[in-house]
Amino acid sequence: GTRGDAPLAAHREAELIGATLSGRYLVTRKVGQGGMGAVYEATHTLIGKRVAVKVLLEKYARREAIMQRLEQEARLASSCQNEHIIDITDFGTTDDGRTFVVMEYLEGESLSECLAREPRLPEQRILQIVSQAASALVAAHAKGIVHRDIKPENLFLLRRKDKDFVKVVDFGISKSLRASDEAEEQPRLTQTGMVLGTPLYMSPEQARGDDELDARVDIYALGVIMYEAATGRVPFIGNNYLSVIAQVLNEQPLPPREHRPELSEELEAIVLRAMAKDRSERYPSAQALLGDLTALLDDPTRSTERAKITGPRRRSRTRRSPLKIAIWIALVAVVIAAVVTTVVMLFGGSPVRRPAVVAPPPPPPPIVIDAGVAAVVPTPDASVLETLEVTIETVPPDATIQQDGVDKGTAPVTTRLVIDNHFTEFVASAPGYDDKKITINAFVDKKLHYKLVLKKTPRAPAPRRGDVPAIPRAPEPGKRPNRTGGELHDNPFKNDSNIPAPAPKS
């Protein structure tokens, strides 16, 4: 690809706009950027078709393993041939050696962007979205391909016939399980102990860095997505990467109906089965999950017949009230006290003179947070941390921006956020306007542009000519103060002329 006679090597990534790749893809604008690649809109110069081009970032251009991952994404995604999987149409390299893939251009938004705007989706919409994603996984798994990075950012929502149409994107860390792809001469792109993926949607076996991963890691991730779309929150939130992984390995999520009681028991059963810690208790295949989703989707009345859901009943927990729990604890305590007292009286005589010698209870078993975690999760190299480039714009323009209390200049401000569980606060301020705050979590939000609209600070009305402000008088004892004549007061009612006067005392 060239820009006139100048090679692309002489230009930075942002200056690809206007370049022609492989002599036929004219780059028109930058759409977004991830940790390893940037996505551009381009036009096929021969047929005029609009396409998307993912170009490997310049700093990774010489890293063989990363180049192979991008090539693998093109090969695996194109082999699935499913309408719910993004179509990869071409593959090539720029003049400066950077790999790029060409794919269909999608107009819409990611599920992540949708959830940022509407954290809790209607149940039927959740079923429609996830059933289409499950259909895509059925096709991928049939080819022996496990995605391994299913998350809201990788489920893209189009609108067709006024309904959601899902495209699964980004097969960058997927793995083929077919024997032909595991030949000795093929380099291993992932190794035991190397954790790839997003921990919020990562299965326990994936978080441990297990080498033998199968299609059930994708089923687990879909379970987390359903949980988030139904409750407005992910099941596990921590201060850092390792904190989330420790919870994924050791803690059970609260049932979704604890957060949103109006959800159907059937959906809760599906979610909890998909998210089972032990993969043998999950759905055995994406097809089995799709079957339950379709059954519930086809039944808008959401019948409570448990036979309709193939998941084990124990996955739908009975909600116990705090009062019942307290009563049970009290009863158990009374029984234990009675037993101890009886034993002392029968065998120990007077409990005052001869107290029974009771052996101390054995120490509780230690809580082990999988000793392998520290070994299998390496400290991230700062040079390869995934980051998200965000731009903050304001109305009015040129407002002052602070990021976590640090001045970043005037809007628009572009900055990079590390994709972890840190919440970054931005504050926009301008003379005559109220400050506007926004908190961004790069794990969840994934938006590239934010527009902060500041509200004008209300002003007190200027006095009219000839108006003489009334002189406030102290109220007589036992009477309400007079609020006529423009006096300022702290009463929340702006106009209390209709408030009845108190009844005269008899």
- prompt: Within the bounds of region 217-225, is there any residue that is over 19 Å from Ala269 (Cβ atoms) and surrounded by fewer than 19 Cβ atoms within 10 Å (Cβ to Cβ)?
  reply: no
field: Hey, Leu115 within 20 Å of Ala38 (Cβ to Cβ) and at pLDDT 90 or above or not
entry: no
query: So Ala77 fits all but one of (1) of a type in the set (Gly, Ala, Ser); (2) at negative phi; (3) surrounded by fewer than 18 Cβ atoms within 10 Å (Cβ to Cβ); what number is the exception?
result: (3)
- prompt: Which residues, taken from region 54-92, are assigned to a loop (DSSP other than H, G, I, E, B) and either outside the structural domain of His44 (by TED's automatic domain parsing) or farther than 19 Å from Ala133 by Cβ (or both)?
  reply: Leu57, Ala61, Arg62, Arg63
query: Taking the condition among the charged types (D, E, K, R) and assigned to a helix (DSSP H, G or I), does Glu107 pass?
result: no
Yes/no for Ile245 being assigned to a helix (DSSP H, G or I), in contact (Cβ under 8 Å) with a residue 12 or more places away in the chain and among the hydrophobic types (A, V, I, L, M, F, W, C): yes
- prompt: So how many residues does region 1-40 have that are at pLDDT 60 or above, under 18 Å from Asp90 (Cα atoms) and of a type outside the set (A, V, I, L, M)?
  reply: 8
- prompt: When only residues in region 96-111 that are surrounded by fewer than 20 Cβ atoms within 10 Å (Cβ to Cβ) and at negative phi count, which is modelled with the lowest pLDDT?
  reply: Asp96
message: Here's a check for you: in region 80-95, which residue that is among the β-branched types (Val, Ile, Thr) and within 24 Å of the chain's Cα centre (by Cα) is surrounded by the most Cβ atoms within 10 Å (Cβ to Cβ)?
response: Ile85
- prompt: Quick one: would you say Arg120 is closer than 23 Å to Ser264 by Cβ, in contact (Cβ under 8 Å) with a residue 12 or more places away in the chain, outside any helix (DSSP H, G or I) and among the basic types (Lys, Arg)?
  reply: yes
query: Going through region 226-238 one residue at a time, which ones are buried (at least 21 other Cβ atoms within 10 Å of the Cβ) and of a type in the set (Gly, Ala, Ser)?
result: Ala229, Ala230
task: Return only the number of the condition from (1) at pLDDT 80 or above; (2) under 27 Å from the mean Cα position of the chain (by Cα); (3) of a type outside the set (Ser, Thr, Tyr); (4) under 30 Å from Glu109 (Cα atoms) that Gly405 does not satisfy.
output: (4)
query: For region 264-294, what are the residues that are surrounded by fewer than 21 Cβ atoms within 10 Å (Cβ to Cβ) and within 20 Å of the chain's Cα centre (by Cα)?
result: Lys277
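The values are calculated or read from the model by the stated rules, or taken from the named source; none is laboratory data. As the structure is a computational prediction, the values presented were derived from the model and not from experiment. Positions of Cβ are backbone-derived with ideal geometry, glycine not excepted, and every protein chain shown enters the neighbour counts.
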